[in-house]
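Let me begin by presenting the structure, written as structure tokens, before commenting on it.
No value in this document is a laboratory result; all are computed from the given coordinates. All of these numbers come straight from a predicted model, not from anything done at the bench. All Cβ positions, glycine included, derive from the backbone under ideal geometry; neighbour counts span all protein chains shown.
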Amino acid sequence: MNTTTVSAAGITTEAGAAERDADEESRQLLARIATGDQRALEQFYRAHHGAVYQFALRLVKNTADAAEVVNEAMLEVWRAAAKFRGESRVRTWLLGIVNYRAIDLMRKRKPQNEDLTRAEDIADEGSCDIHEALAGAESAQHVRTCVERLPDRQRQVVHLTFFEQLAYPEVAQVLALPTGTVKTRIMHAKQRLLHCLAGLLGKAEDLR
């Protein structure tokens, strides 16, 4: 019986090609949106709503506010499509808008003296591979549980790095932070996640 072996490199190449195709389609939609094409905005919304809503929800933590952030972000896309310079992927640019709108909403809800964008120290680059921290988790539910327990700043970077598969410079662009700060937050998130996952695994072993 003949078998077909698919290499990891082949899968990665196909995924990269699909992502490039999706980005090119989004760029074309933005060009149409810039001319006032409402149908293009509807197509853009359908293509990106899932990722945008999930990111907004992780930032603001309730569905009503997440929906408001998504609506504000898409309105900004309608207004600012012509300003997209093509220097980044469309998704990176869009998530940056979502982050800005979410911060704006949270600032209206929190005391004025609370700093939502506090800078942090530079991390050791070798210690902040979030994929390494999560790859060994036996349960996807454990991963979700531990991610939800992270502080807001750390949960943001984990979502963008692990779930959205953005590189550190792209995460930095989305969050308007230095790349070093992103690495620091990933490093601290990795430490918390490993501790949390170990605790959940220990509880699961006790129940067996």
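Highest mean packing first, where packing is the average number of other Cβ atoms within 10 Å per residue, the peptides 25-38, 147-160 line up as 147-160, 25-38.
Ranked by how many other Cβ atoms sit within 10 Å of their own Cβ, fewest first, the residues L94, L75 fall in the order L75, L94. When you restrict to C-alpha pairs under 8 Å that are six or more residues apart and normalise by the size of region 11-109, the relative contact order lands at 32 percent.
How would you classify region 11-109 from its alpha-carbon gyration tensor, with a ≥ b ≥ c the square roots of the eigenvalues: rounded for a/c under 1.5, else prolate if a/b is greater than b/c, otherwise oblate? Verdict is oblate for region 11-109.
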